[in-house]
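One structure below.
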Amino acid sequence: MKTHSEIALSRLLIIAILWALGCATSNAQQTSRLQALYLFNFAKNTSWSASDADKPLTMVVVGDKAVAKDLKAISKNKQVGGRPVEIAEMASAQGIQGADIVFLGGAKSAQIETLVSEQAANKVLIVSATEGQCAKGACIAFELNKGKFTYTISEANIKSHGLSVSRVLITSGKAL
Amino acid sequence: MAAIATLTVEAQDEQQERQLTKEMIMGMTIEQLGDLPFSDLLRAVELLEVSSIDDLYAIIMNKSVASASKNVESAFESPLSTTVVTREEMETYGCKSIEDAFRLIPGAIVTQKVNGVFDIQLRGLANIPDGNLLLYTENSNVLLMIDGRVVHSYSVGTMTMENLPISIVDVDRIEVVRGASSALYGVNAVTGVINIITRRPSDTSGAVQATAMGGTRTFIGEARLRKRLTENLAVALTANYDLRKREDGEIPVVNTQTSWLVADESLLGRSMSQGEIDALIANGKLIPVGTGESLAVGDFGRLAVLSPSTLFDGTTQIFPATPLEYRDANKCFDDPELARRSWAVNGYVDFSPSEDVDIRLSGGYSQSLAMQTTVMESPYSLAFREFKKGYVNADARVGGLHVLANFYAGPEDYATGRPGLQADFRQIFASAEYDIYVGGLNIRPGLHFQYANGQDRKSAFDYGAGEAVEMPGFFNDDATLNAIAPSLRLDYRVGKWRFIAAVRADKTKVPDKWNVSSQGVVGFKASDGHFFRLNYGRAVRSANMLNANSNYSWKRTGMDYPSVIEFYGNKDADLVSVHNAEFGYRFQPSQNLLVDAEAFFSASSDYGAMMTFDAKAATSYGDFYDSTNKIIESAGGERIDIRKAQSTFMADIKTSSNSSYGNLPYKVRQFGISVNVDWVISPKVIAKLNANFQRTVIDDYYLYNQAEALHQQFYGEDGIINNMVAGFSDIIYCMEGRSADGQTVVSTDASLIGANLLPNLVTLSHSGDYEAIVGNMTPEQRETLLDALREAYFTKGSYIYDKEGVYGPRRITYQNSLALYYALKYGIDYKLSDREYTFSRSESGEPERRDGHVHKSTPAFYGMAGVVVKPTKQIDVAAYANFVGRRTYTTAYGTERLSNRLTLNAKVDYRPVEAISIFVSADNILAQKRQEFIYSDKIGCAVTAGVRLNINRE
């Protein structure tokens, strides 16, 4: 026979679980927000070609709806280097054209080789959500290092795409 | 001017950076955050403190495991089907005891029989053969170890979890290896291995840890003190206490016959006419008690069975259902509301004088009293098991040599208050293994020794009317199970490949032969996130003293026949063996997700049971009576007129049945898949899930059980079936069927039965005159009845229920009707001289068997899903659901079904300071009050609260 106190405690526990899930969900969103914020700052700290000044700055997000959504919110009514920002979402890293920044979501990390190979001759900043992918050709790769959200950056890969980034971007990240 | 302005702006930025607080950041919209300079954003990220996710990954994803290859290695690359659960996980998920932790492990089937008392299986394969004692439903296929020290009850061949000397506070992690692996670990690793790894005194965990919790029928306390004395020497002491109560003090009744509760004990032993019996029933002085119904302990003294003896003088005798020795159930159940009371102390010493030498000593003492499934036939489904055990263990590694030796001893009582089930046990294990490395090849030869001894000559008990009487024990001997086993293991790594081959040969004393186990394993790490494994193993299950050494007389004084059942062990029976093959794949697509899947197939054989089919061992000395002249001849040659002896029939006449252990020709196939997922959704949300699907099929399944064997034996090898008519007469007298117009008819009219009822036979019940029915049947009618019985017992394989029998709802037991089957089949003058398989022979002369019998004591689906949420650094919330699919248990007492069971458990943990944790947990929140096991307690919602201290300072 369940006592009233047991019922009350059970209900309290259920409420606690729901509350905790709510708190945790907001924390789960934090990572995608951070990635979006960083991406926007990467865009601000990159020297884009003057010949593209009249075109929108196009950021393509592959396989991460949350980052794309946050990025759209951040860049709404904002410009980077005098250029409006356009955010595009794609399910695959294959066949991307006209992008200035491509962000490869964690779920699509296996497509890094395809992306790097296809974009080798383009002025594209390739950013990956997956740690260690600078070694596979990404310009920047996010990681969590001892609990801190940070990134690895490869100057060589950035240069190979004909781009350059600000000193603060280089020094704030971990050089490959 | 411009310079001043710039400085001002910088100063303002600096000021803003200094003043940027976590609250400010959290309060910003994402658009506002997007406006922050990159340096400010970096500062904001610093303040947000995502948490130490690497530590989290290490705990959840990158566990280490030692059991898999006896070397510490990454669990991800373990070439066997391995799962590790850490103490932290146990605490987080609110496990109150080590047993609870198995609910988190794939392949583990956890059954809580009464509060805090468990049976734990890996992949099942228990209750084979079915239709037997409840003991056979317990796990006997898993090798349980603590730090590699075997903890196995060689007396009855099971794990006795309640007597584990350690509790969660001792544990570093639990490692489980699924699948046959005797070649690597030793006998009894039939469906897997459980190795509980304790914390080392020299580790860096808390120096003082203590937990106390209490709540619904539960109080648990445990503590651990650790101290490093010198750089090379560390010690630890632990203690635990576990008290669990039941909801009430009632005990479920089990019996192969319908039991009756008499109004007062003076009715016991009396013979009455059918009319008087009917009057007692009508007046509520004789109440049927079905198997599984519960009674207060005090009522067991009034429990009876009816043994109709209408053949003799038309009366029915009311026999007590409980033997005289323990008729006073209060002696068996001192405190029937107690579920478990156990306590233990342990000491550990770590000594590492040099890099190459690592010595670990441990010792302890434990006492447990727990209400567990009864070992023997009984009107009680539960009995108190009381164990008192001490152990010492030495584990030394010197260079490549690893030596393990331990001693484990103490009295075991499998049913307190009942005579004959107590003995002193001692076990010694020793093993030595040596590692040799040649390039990538690790060669590990080993030698293992086991000595397990039980001794019960000294057992003496006080029973009956307070009279101290020395009773025979279960073995009446020194029962010893020795084994010595050389082993060899080869482990070769080349590139991404790993190959393990192992062989172990156990030269056992019982049976006196070599029992070979072997293992072949291939592991392939395709890339960082992909690991494949292929594993074959042959394993054997050791003999136990119950099966090998039983020499037990169950004196059923004053009970229904037989008055004595003899149990004989068999030292020559083959050991249960299994061939197991499995394929596994671990997949880590990202740092935060780990999927481990396995598919397995096993084929096992040489199962055995206490049966009567071994003619050599089953030498009956039963006495028989002739239904015609009513004169029987006792073993001593005395002739007794049964009619005169009626009132003291069972007391005066020695009737005995004999059972011995032997192998059955069962071929058991099991196949299934398990999937386990660990997912760190975010630093603050961790999910865990496992799902297991499996199917167990038995070929050459025999359609009879232990109770039937006993019954058949009762008639004896020298009797002829004509003499058994008296035996039949108390079983089958009338038949009930449906007439042509659909009405249910109960009749003793042979012609009516033969002509109209048999084609639609639905029930059999006992009243009337056997000979009038069967004796006068035409051969055709007999054939018709035979077909009906065959249909009922060999095709459907089930009992026939009498919906409205003479005495109310009851059923005709399988064996009784089976006896009739054979009487009809072979004719009433059929001689039982050829006793071996006699009662199970088909017309072709071969035993009746069935292929493809689905064994349902193991659920077809079971698993769990859980989530841990860490909303703040101080709070953990965990919730998990555990699902066990429906099960069907056939035992000597009938067939019982357990429906699907879903339990939801949760825990909230709050740490106001680092050293203190306050928690509340609730088990079975949905309060689905159901049995997890047949003939046991319904487990309801339980809420407990507690506090845990963890002080790091030495």
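Please list, ordered by chain and number, the residues whose modelled amide H lies under 5 Å from the amide H of B:Thr198; skip anything fewer than 5 residues away on the same chain.
Placed amide hydrogens put B:Asp147, B:Asp172 under 5 Å from B:Thr198.
Return a whole-number percent for the relative contact order of the range A:30-175, with Cα pairs under 8 Å and 6 or more residues apart as the contact set.
About 21 percent, as a whole number.
Enter the mean number of other protein chain beta carbons within 10 Å of the beta carbon of each residue in B:36-42, as an integer. Before the final figure, lay out each step's value.
On the way: counts 3, 4, 11, 3, 1, 6, 8.
Average per residue, whole number: 5.
Among B:667-679, B:529-541, A:42-54, what's the highest-first ranking by average C-beta atoms within 10 angstrom per residue?
B:529-541, B:667-679, A:42-54
Order of B:Phe300, A:Phe103 from fewest to most other C-beta atoms within 10 Å?
B:Phe300, A:Phe103
Would you kindly state how much longer the chain becomes between B:Glu276 and B:Leu926 on full extension, computed as 0.36 nm times their sequence separation minus their alpha carbon distance, in nm to one decimal? Before the final figure, lay out each step's value.
Details: separation 650, 0.36 × 650 = 234.00 nm, distance 4.85 nm.
Full extension from B:Glu276 to B:Leu926 adds 229.2 nm.
How well do other chains shield peptide A:167-174, expressed as the mean number of their Cβ atoms within 10 Å of each residue Cβ?
1
What average number of partner chain Cβ atoms lie no more than 10 Å from the Cβ of the residues making up B:680-687?
Neighbouring Cβ atoms belonging to other protein chains average 5 per residue here.
Could you list B:Val398, B:Val494 in order of exposure, starting from the residue whose Cβ has the fewest other Cβ atoms within 10 Å? Can you show the working numbers first?
Details: B:Val398 13, B:Val494 10.
Ordered by Cβ neighbours within 10 Å, fewest first: B:Val494, B:Val398.
Any of B:Lys525/B:Lys856; B:Lys907/B:Lys929; B:Lys331/B:Lys938; B:Lys513/B:Lys667; B:Lys245/B:Lys929 with alpha carbons more than 27 Å apart? Name them for me. Write down the numbers at each step before the final one.
Numbers: B:Lys525/B:Lys856 37 Å; B:Lys907/B:Lys929 19 Å; B:Lys331/B:Lys938 24 Å; B:Lys513/B:Lys667 22 Å; B:Lys245/B:Lys929 16 Å.
Violating the 27 Å limit, Cα to Cα: B:Lys525/B:Lys856.
In what order do A:Phe142, B:Phe861 fall by count of nearby beta-carbon atoms within 10 Å, going from fewest to most? Spell out each step's value before the answer.
Details: A:Phe142 23, B:Phe861 14.
Listing A:Phe142, B:Phe861 from fewest to most nearby Cβ atoms yields B:Phe861, A:Phe142.
Based on the mean of other beta carbon atoms within 10 Å per residue, what is the order of B:75-88, B:510-523, most packed first?
Working: B:75-88: 22.4, B:510-523: 18.4.
The packing order, highest mean first, is B:75-88, B:510-523.
Enter the Cα centre distance for the pair the range B:886-940 and the range B:479-498, rounded to the nearest angstrom.
The distance from the Cα centre of the range B:886-940 to that of the range B:479-498 comes to 38 Å.
Quick note: the coordinates plus some simple rules give every number you see, no bench work behind them. This structure is a prediction, so every number in the text was calculated from the model and none was measured. All Cβ positions, even for glycine, are placed from backbone atoms using ideal geometry, and neighbour counts span all protein chains on display.
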